[in-house]
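Take a look at the structure below.
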Amino acid sequence: MRVMVVWCPDWSVVAALDEAERSRRSPAAVLSANVVEVCNGPARTEGVRRGQRRRDAQSRCPDLVLLPANPDRDARAFEPVLGVVEALRPGVAALRPGLLAVRAPGSWYGTESDAAATVCQALVEADVWDVRIGIADDLFTAEQAARTAGVQGWEIVPVGGAAPFLGPLPVHVLQQDGPQGRDLVSLLQRLGLHTLGALADLPGDAVQHRLGAYGATVWRRARGEDPALFAARTPPPELEADVVFEPPLDSVEAITFSVRTTTERFLTQLAHHQLVATGVRIEAESDAVVCSSRTWLHPRHFAARDLVDRVHWQLQGAGSTSGAGSSLRARKDVGRVRAPIERIRFVPEVVEPAAAHGEALWGAASDDLVERGVARVQGMVGFDAVRRPVLQGGRSPAARQALVPWGERAVDLRPVDRPWPGRVPGPAPVRVFATPPVAEVVDDAGREVRVTDRGVVTGEPRRFRVGGDGVVSGGPGLPWQPVTAWAGPWPTDEGWWSGGSGPSARFQVVGADGRAWLLLRSPEGWSLEAGYD
């Protein structure tokens, strides 16, 4: 079996630049833990190398574009490359983002050189400009052949010619195996072995005794006897579903009614693969152009009714008008889209095993009734008008609250499990005031209690009141009363880099009536943030 390896150099940088909408010719590097993990050709020309620290790389190239490492992004960007090669030769194996292997399709295209040229041309037409191909008897030799090929070129190692081809290569090529390979390269250099041929000339028993099982595997690779095999991937099933309207429809209600069968077919084919969708992208086309596209997330998984509702909300929002205009015209626009829709497509973006979303022991009928009731309300007042509270990370009680639309998964929230220095310990307060009422706190001498920049209290709180002599901003109006117990301060200094409110501190106090309150001392004075009653 002959092996073809397709290598796209610096793929992590290519994928990151495309995601950031930057030119691929810009000097760029992908960083992991402030260390250069991958850099592209323009960056290497300026002296940037793998393993450099961030500041060293920037000192070599001040215009260096720094990009975060994201293996998922790299894999997603490499998926079209796999598809292009798979269309020419089934049985593709993705070794890692930027590197794939497949059985060499020489006989079908005439010669191996013709096959490599065909694959190279198809990838260039797919906007993959830096592609290199190697063909050999085994996987390791084919990969090294691809790495010695030029841009949009190929290197073919003759049958039985693996050992002569690998012999002159330096042992540095083994560093591609990660930390284990780098340690072995360092050891081989200390032993005076600088080429793969020198390693291959050693006795196999001595190599295994001195270098272990991994060293013996590398020794066989250097001799052109790589035992590694690759498993061809199974092409992912086509899970998309769409419906075409002929003639195109301009009524939201008509479109919503017409997609019901498609939503059921969409979920049925997912169920056939024992999957459920928790994230679906809905696209609407007009004149063969996507005029509306949105990804919807579900806290559990989508049912047919849920998808129908999302289509209705999405088209209703896309077709609504804003700004000046008569009420008569606004009433006429309700239920219509700006352009006739000729196609609705459902694309599953997040799928999960159906076994992870099985019903509870007693079913989920009550939950379904709640979902349908809330969906009716959303249909009347709008999708974003019905929200549910979600807990997120933060220091103040108000900052820990987040509201997300009902039926939508909470994303981009601050993590709860972070330390959050300055956060008041539990239990959490019962009431949090949207507009904190003004408060006053004094010590034994009647002086206002303050907190210094170092978090020191100027006096022990003895009395407090809220809202002066009445109610302020809807909060409670509390007359002067003694403090029977207090705790704090919990100092914070949030947003100082963007002109925030400055250093603040929170106190828990208990009044003579037995009720507990959370008070905030800021540069503007005292205020009542929350109540524990």
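The values are calculated or read from the model by the stated rules, or taken from the named source; none is laboratory data. Given the structure is predicted, the values throughout are model-derived calculations rather than measurements. Glycine gets a Cβ as well: all are built from the backbone with ideal geometry, and neighbour counts include every protein chain shown.
What to note about this one:
- Residue within segment 272-281 that is under 29 Å from the mean Cα position of the chain (by Cα), closer than 18 Å to Ile341 by Cα and at pLDDT 90 or above present: yes
- Any chance Val173 is surrounded by 13 or more Cβ atoms within 10 Å (Cβ to Cβ), free of Cβ contacts under 8 Å to residues at least 60 places away in the same chain and more than 40 Å from the chain's Cα centre (by Cα): no
- Segment 380-403, residues that are assigned to a helix (DSSP H, G or I) and either modelled with pLDDT of 80 or more or buried (at least 16 other Cβ atoms within 10 Å of the Cβ) (or both): Phe383
- All of (1) of a type in the set (S, T, N, Q); (2) under 32 Å from the mean Cα position of the chain (by Cα); (3) assigned by TED's automatic domain parsing to the domain that holds Ala355 hold for Ser258 with one exception: (2).
- Out of Ala355, Ala288, Ala318, Ala304, sole residue that is assigned by TED's automatic domain parsing to the domain that holds Ile255, at pLDDT 65 or above and either hydroxyl-bearing (Ser, Thr, Tyr) or buried (at least 16 other Cβ atoms within 10 Å of the Cβ) (or both): Ala304
- Residue satisfying all of: in segment 468-514; outside any helix (DSSP H, G or I), polar (S, T, N, Q) and at negative phi; modelled with the lowest pLDDT among these: Ser501
- Which numbered condition Val38 fails, given (1) closer than 23 Å to Ile133 by Cβ; (2) touching a residue at least 40 places away in the same chain (Cβ under 8 Å); (3) in a strand (DSSP E or B); (4) touching a Ser or Thr at 6+ places or on another chain (Cβ under 9 Å): (2)
One line per residue, one yes/no per condition, for (1) part of a loop (DSSP other than H, G, I, E, B); (2) among the hydroxyl-bearing types (Ser, Thr, Tyr); (3) in contact (Cβ under 8 Å) with a residue 12 or more places away in the chain; (4) touching a Leu at 6+ places or on another chain (Cβ under 6 Å):
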| position | (1), (2), (3), (4) |
| --- | --- |
| Ser186 | no, yes, no, no |
| Leu193 | yes, no, yes, yes |
| Leu202 | yes, no, yes, no |
| Leu211 | no, no, yes, no |
| Thr217 | no, yes, no, no |
| Ala228 | yes, no, yes, yes |
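- Every condition in (1) more than 18 Å from Pro164 (Cα to Cα); (2) basic (Lys, Arg); (3) in contact (Cβ under 8 Å) with a residue 60 or more places away in the chain holds for Arg260 except the one numbered (3).
- Thr141 assigned by TED's automatic domain parsing to the domain that holds Glu37 and either in contact (Cβ under 8 Å) with a residue 12 or more places away in the chain or of a type in the set (A, V, I, L, M) (or both): yes
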